[in-house]
Amino acid sequence: MNNEITWRSYKGRIIAATPILCLIAYVLVGFLTHIWVPTIAIFSLIVIVPIVLSENFLSSMFPILAVAGFFVLGFAYNLWHPGWLLFLTIPVYYILFGPFMRKNRVK
């Protein structure tokens, strides 16, 4: 049980550090290579890392689909501006379906 508590605290630290690490990586790659726009994909790790580290990966697929949709709209159709609205659907999804997921997890 002690290992489980330790792993959970490390997961929390990794998730909390992800935004600043993504920012540092983005700035470094941008300044060193002068490639800014495609490098913005680094920020998708802010959404992906907590999902990958979650205990139930399959129930956390909606944010991955939202990020994938954002990149499809952006890279394939150059619709970056309306595409970012997909990120707003993530908290709405968890507000609407979060209680159902918590009930299923308790059982």
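Bear in mind these aren't lab numbers, they're just calculated from the coordinates by the rules spelled out. Keep in mind the model is a prediction, meaning the values are calculated, not measured. Note: ideal-geometry Cβ built from the backbone for every residue, glycine included; neighbour counts use all protein chains shown.
Some points to look at:
- Along the stretch 65-79 the Karplus relation, 6.51 cos²θ - 1.76 cosθ + 1.60 evaluated at θ = phi - 60°, assigns HN-Hα couplings of 5, 5, 5, 4, x, 4, 6, 5, 4, x, 6, 7, 10, 6, 10 Hz to successive residues, with x for each Gly and Pro.
- Ranking V37, S9, L86 by Cα position along the charge dipole of the chain, where only Lys, Arg, Asp and Glu carry charges on their C-beta atoms, puts S9 farthest toward the positive end.
- Per residue, the chain reaches -22500 deg cm²/dmol at 222 nm when only DSSP H runs of four or more residues are counted, each adding -39500 (n - 2.57).
- Once the Cα gyration tensor of the stretch 1-52 is diagonalised, semi-axes √(5λ) in Å: 29, 10, 6
- Shown for the stretch 25-74 is the translational diffusion coefficient from the Stokes-Einstein equation, using the Kirkwood radius over Cα pairs, a temperature of 10 °C and a viscosity of 1.306 mPa s: 132 µm²/s.
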